[in-house]
Each structure stands twice: as structure tokens, then as C-alpha cells.
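Asks: I have a structure I would like to understand better, so I am pasting it below and will then ask my questions one at a time.
The values are calculated or read from the model by the stated rules, or taken from the named source; none is laboratory data. Note that this is a predicted model, so its numbers are computed, not measured. Heads up, the Cβs are rebuilt from the backbone with ideal geometry, glycines too, and the neighbour counts pull from every protein chain shown. The area values use the complete protein model at the heavy-atom level, side chains included, leaving out ligands, DNA and RNA. Shrake-Rupley method; radii C 1.70, N 1.55, O 1.52, S 1.80 Å.
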Amino acid sequence: MTATWALACPRCGRAALLEAPLGERGTVVAFTVLSVPGDEFLNDAPYAYVVVELDGGGRVTGWMPSIKSEGDLAIGARVHFVPGYKPGVQFARDADAPVPR
Amino acid sequence: MREAWVVGAASNRFGKMKETGREAATRVAFEAIRQSGLEPKDIGYTFVSNCFGLTEKQGHVGPLINGGLGIPEVPSCTIESACSSSSAGLHEAFVHVAGGFLDAALVVGVEKLSHLDTLSATSYFAEAADYPFETKNGATFPGLYATLASAYQQAFPMKPEVLGSVAIKNHANAARNPHAHFQKEISMDTYLRSPMIASPLRLYDCCPFSDGAAAVVVAAKEFVKHPVTEPLVVRASARAGSITEMQDRPDLLGLPASRAAADTAFRQAHLERRQIDFLEVHDCFTIAELLALEDMGFVPRGTAGTAEVDGVTARDGKLPVNPSGGLKAKGHPVSATGASQVVEIFEQFNGLAKGREVPRTDTALAHNVGATGGSCSVHIFSRR
Ligand SMILES: [Zn+2]
């Protein structure tokens, strides 16, 4: 995924941005399981919205349709990118889906 | 810089308005001006906030309000800063009055959402988030604060009763506020049994979708001369910004904009935290009240829950927080919220907060956040 929304770093202000490949796996640092979604996720609830610290650096936000209740996920859980069926960034638990090598 | 005063502040009852946003805005503006002892023709500029006016098929609402007040020749503009819109308007009014560019200014915030269903309202609220990064990944407004709550709980484990105690306190305060959307107390049992909206936030952790309108009149001390009410001296009017997106924040504990705005405000006011008698803070969700108290330096990080449970923040506590009932129970008509915090402080200073008086009313602070912390206003007021 290429993101061109930013022309400078929101943390330090430097405009010298580099493109870098992101790791495909990571660790959940914060999450919520939503039972009341917005209109674009009407048929997907409940699901988790997650903030993931990627292996090799960088954080991304994404969502996990496989998570149906708070007990299905924990901070510290290992997750990885999976091809999504919607425009968002989709993750699955390592325990639930094939892990990219 | 000149001394600027809040000389009038009025609100309608939050909840469900029959009239249009524009009508409600005109009504509260008229009332705030009447209270101030000034005439509409004394107003030099109207700063209006109405984030979701387009859902009523109405933009450019300032000239309509001014027309309804009999002052169509007065300039106006619309100020948008999500949930902190009308405190951003107040900041503009302050800057212009204190800077000598205006003698008096009107700040109006209004929102009407009750003509929308929950799904549409949820979706409109989410539009203050970062659309490609947050909304496209399923975030909602409660979902984003719930994400912050999960990170907070990880760092500082707490029982559900802690957030519950915030909800119970603010409902108890709102039950004594005729402007409030919810005018009934709730029990811990009701709180704990309310459905999960976005874990760990339950229904009673969340502010309601409210209609409402509030208006504030700011004027230069030298222009007012003989105030007819007890004015609020604006000791500080500070705004700050911080990274909006969850994934770009250095950490997820608190909202950096709250800290920055509060630090600036206390520097401007030459006051210490302990000199503040009571607070109106941005508690769109119960977790947000804990974050506000910690971010602004009233309690150390990780201890706001204990302060809440111990009654420090109760109406008769050492540091009353949200005697109005807060966004949580007074309601959160997005663009009206910032102005309505000032209404509460005005009523407390003027002995109009019958049945919900706080013990000391010499100095108060209002804290108003835009969305999840992309923007924040902090105002400090004191008596003459
Ligand atoms: Zn940087």
C-alpha cells in the first residue's frame, strides 16, 4: 500500500520522507470490538478495530472481521495482514489464518 | 492587550429540538445578548459553529442568525473544529476583543441531529476522524475513544466500576441541570448492564447524540463599563493541536493537545492548577474525563480513576468536575458544546446553578476537545 497523504513527518516535521516496505506481521497495541458500526461496516459488525505495531517498525491501523467479542483478542496478540474484501487494511490472528512466510 | 469579559451566556435544553438549528441559535443568541445588558447593535462580529448544518440543508448560517437578531449588517463566519468548534469561536472572539479589533463579539454554537437515524448520526460523527486511515478501517467516534481506553487499561488496569463512577457522577449532576439532555440519575447496576458499544465502552460510557444551542457574548472591559451580571474575566484562551491518527501517535496515553493547550493557558493566566475551583472538561466518553484530568496536570497519569472513585471530582468534592453533567449527561450537540461549558461557568459564577452549586466559584477552567485530540481549547475564567 502506498500512502501519499503526508508530505512531511507528523512527529518531527521533516519533509525528507522515504518509501519503505512494511513488515507483514505485528503485535496488537490497542483495540476495540465494535458492536455499533458506521454505515460502511453495517454488515460486518461485530469486528475489531486495531492498532498494530509492525515487526521491523511502524504502526498501522486496521480491522479484523474475525474478532467477534472482546475475549477473542488481547493486547500483545500476534497478527498479520490478510487480503481484505473491503478497502480497509485487514488483519487476522496468526492462530486463525495462514501466516505469510 | 485589553481585558475581555464574558458578559452573557445562554443555552437551551439539550436533547431534541423541534425548531431548526438556525432558529434555536437565534433564540439563545438573543438571550445571551439580553443577559449582557448590551444591544444587538453593539455586536461587532458573530462567530457561528454548526458542523452538521448541511444535514439540515443549511450552510452560511451566520447572516441568517444576524438577520434574525435585527443586525444583518454585522459580519459573521462559520468556525469548524469538530467537537471544539464553539470554543474555537470563543478563542476568535477573545483574540479580536482583547486585541482591540472588536468591542463585543457573539459566539454561537448549534447542532441538530435528531432528524437523523443512529446509523447516519454515527457516520457523520466519524467524519471528524481520518477517513482513509480510521473510518475506512471501521473506526467510529466511540471506537476511537475505546481504542484509547484499551491502551489506558493495559497500562493502568481498572475495574469497569471506575468508568462507571464517572458516568454516575455526571448523570447525578445533569439531573440538577435544566439544560441537560439526561435529567435522571443512574445506578452502577444500570451502568454495568448497559450494552457494550465498543469494548471496553458501554452505552452509559458514551455521550448521547443531542440537539442543542448555546451562545456567549464577549466584550472588552472598557466597553461594558457597568456590567449587569457577574462577568467572567477571560484569564486565558489557548488552543493546541496534535496528531490525529492513532497509528502516528508516539503513544496512546492521553491527548497531547490537551496538555499543550492547558500549559499555554496556565502560562497566560499566571495561575497554578491548585487555584482552579472547578472544571468543565470534555467527557464525550467516560475515559475522556480521566484523560483530561491527567493530560492537563490536575492528577498524575494513571490516578484519575482513583480521584473519581474517591469523590474528589464530585460536586462537593475538592475539585468538582463537570457540575453541568458534562457531555456525557448534559449532552453533546457537537458545535454547541464548547459554548455550553461557558454557560455552566457563567451560571455558577452568577448563582444561577440552583441545586448544583459548587463550593467555590472564583476561578474555573473549560476544556474542549476536537474529535480524538486533533484540536483542543482551554479557557480559564475568574471573577473581577
Ligand atoms: Zn519524523
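Yes/no matrix, rows are residues, columns are (1) among the β-branched types (V, I, T); (2) within 12 Å of another protein chain (Cβ to nearest Cβ); (3) within 16 Å of the ligand (Cβ to nearest atom); (4) closer than 17 Å to A:E70 by Cβ:
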position: A:P10; (1), (2), (3), (4): no, yes, yes, no
position: A:A16; (1), (2), (3), (4): no, no, yes, no
position: A:G26; (1), (2), (3), (4): no, yes, no, no
position: A:A30; (1), (2), (3), (4): no, yes, no, yes
position: A:V33; (1), (2), (3), (4): yes, yes, no, yes
position: A:P37; (1), (2), (3), (4): no, yes, no, yes
position: A:F41; (1), (2), (3), (4): no, yes, no, no
position: A:A45; (1), (2), (3), (4): no, yes, no, yes
position: A:A48; (1), (2), (3), (4): no, yes, no, yes
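Asks: Do we find that B:S335 is touching a His at 6+ places or on another chain (Cβ under 7 Å), in contact (Cβ under 8 Å) with a residue 12 or more places away in the chain and among the small types (G, A, S) in this structure?
Replies: no
Asks: Checking A:L42 against (1) modelled with pLDDT of 95 or more; (2) surrounded by fewer than 16 Cβ atoms within 10 Å (Cβ to Cβ); (3) hydrophobic (A, V, I, L, M, F, W, C), only one condition comes out false. Which one?
Replies: Condition not satisfied by A:L42: (1).
Asks: Hey, another quick one. On the basis of being modelled with pLDDT of 95 or more and open to solvent by 20 Å² or more (accessible area, probe 1.4 Å), does A:A97 make the cut? First the steps, then the outcome.
Replies: On the way: modelled with pLDDT of 95 or more: no; open to solvent by 20 Å² or more (accessible area, probe 1.4 Å): yes.
So A:A97 fails the test.
Asks: Of the residues A:A95, A:A74, only one is small (G, A, S) and away from chain B (no Cβ under 12 Å); which? Can you show your working first?
Replies: Working: A:A74 fails: away from chain B (no Cβ under 12 Å).
Testing whether each residue is small (G, A, S) and away from chain B (no Cβ under 12 Å) leaves just A:A95.
Asks: State whether the residues of the stretch B:266-273 include one that is under 13 Å from B:T372 (Cα atoms), part of a loop (DSSP other than H, G, I, E, B) and either aromatic (F, W, Y) or touching a Ser or Thr at 6+ places or on another chain (Cβ under 8 Å) (or both). Give the steps one after another, and end with the answer.
Replies: Our first condition is that a residue be under 13 Å from B:T372 (Cα atoms); within the stretch B:266-273, this holds for none.
No, there is no match, as no residue in the stretch B:266-273 is under 13 Å from B:T372 (Cα atoms), part of a loop (DSSP other than H, G, I, E, B) and either aromatic (F, W, Y) or touching a Ser or Thr at 6+ places or on another chain (Cβ under 8 Å) (or both).
Asks: So which residues in the stretch A:50-71 are more than 7 Å from chain B (Cβ to nearest Cβ) and of a type in the set (D, E)? Outline the logic, then answer.
Replies: Taking the stretch A:50-71 as the starting set, the residues that turn out to be more than 7 Å from chain B (Cβ to nearest Cβ) are A:50, A:52-58, A:64-69, A:71.
Answer for the stretch A:50-71, where residues must be more than 7 Å from chain B (Cβ to nearest Cβ) and of a type in the set (D, E): A:E53, A:D55.
Asks: Using beta carbons and a limit of 7 Å, which pairs, at least six apart or on different chains, have the first residue in the stretch B:128-144 and more than 7 Å from chain A (Cβ to nearest Cβ) and the second one charged (D, E, K, R)?
Replies: Listed by first residue and then by second, the contacts come to B:D130/B:E245; B:L144/B:E134.
Asks: Within the set of pairs 6 or more residues apart or between chains, which connect a residue that is within 29 Å of A:R78 (Cβ to Cβ) inside the stretch A:3-25 to a residue that is open to solvent by less than 80 Å² (accessible area, probe 1.4 Å) and near the ligand (Cβ under 9 Å from one of its atoms) with Cβ atoms less than 6 Å apart?
Replies: none
Asks: Same structure, new question: Among the residues of the stretch B:308-325, is any assigned to a helix (DSSP H, G or I) and either farther than 30 Å from B:A93 by Cα or open to solvent by 10 Å² or more (accessible area, probe 1.4 Å) (or both)?
Replies: Yes - at least one qualifying residue is present in the stretch B:308-325.
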